[in-house]
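In what follows, a single structure is set out as structure tokens and then discussed.
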Amino acid sequence: MILFANFLSAVAKIAHIVLVVYMWIIIFRVIFSWLHSPYLYQLKLVLYYLTEPLLKPLRRVIPPHKIGGIDLSPFLAILGMMFVDLFLVKSLSLYAAELLRKENLGFL
């Protein structure tokens with residue numbers, strides 16, 4: 001059971017790191033979309049290909065042309081990832097900690 005609890009804890013930590021890094025990638029995409037420089041083209045292209053699979057379906061739900069041209073998909077994506085991080089990943093981490101705590105009580 002200790003191995004399973006440690007596995008869950010490791011999965012939760014890795015999921016948290018992946019979500020935080022992906023949130024920052026989305027934030028950088030938004031910031032770089034405001035900057036127009038030929039030197040940033042390659043970086044903007046990489047950020048586009050990294051984030052578009054998540055943002056495109058959100059744009060279908062709330063199209064920017066219906067909200068005055070404002071694209072809310074990055075905001076919604078970050079909110080969704082924060083929810084997943086704070087609810088699911090934290091719950092997984094707490095469950096792993098509870099399993100470890102119960103396992104350690106058996107040795108006393």
Ile62: net charge of surrounding residues, Cβ under 13 Å, Lys/Arg +1, Asp/Glu -1, itself excluded?
-> +3
Assuming R0 = 25 Å, can you tell me the calculated FRET efficiency for the pair Trp34 and Phe83, based on Cβ-Cβ distance, to the nearest 0.05?
-> 0.45
Kyte-Doolittle mean at least 1.6 and Cα axial length at least 27 Å: DSSP H helices in the chain | 2-34
Net charge contributed by nearby residues that have their C-beta within less than 10 Å of Met1 (K/R +1, D/E -1) | 0
Restricting to lysine pairs 8 or more places apart or on different chains, what number in the chain have Cα atoms under 29 Å apart?
-> 9
Do you know the relative contact order of the chain, to the nearest whole percent, from alpha carbon pairs under 8 angstrom that are 6+ apart?
-> 48
Expressed in angstrom and rounded, the centroid-to-centroid distance over alpha carbons for region 19-58 and region 63-82 is 14
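Dipole size in debye (nearest 20) for the chain around its Cα centre, Lys and Arg Cβ +1, Asp and Glu Cβ -1?
Computed about the Cα centre, the dipole is about 220 debye.
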Dmax and Rg, reported as Rg then Dmax, of region 2-105 (C-alpha, Å) | 18.2, 61
Which distance in nm do the two modelled labels at Leu76 and Ile2 give, with both placed 7 Å along the Cα-to-Cβ direction?
-> 4.7
How much length, in nm to one decimal, is gained on full extension between His65 and Leu50, taken as 0.36 nm per residue of separation minus their Cα-Cα distance?
-> 3.1 nm
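We did not get these values from a lab; they are worked out from the coordinates using the rules stated. Since the structure is predicted, the reported quantities are computational estimates derived from the model, not experimental observations. We place every Cβ from the backbone using ideal geometry, glycine too, and count neighbours over all the protein chains shown.
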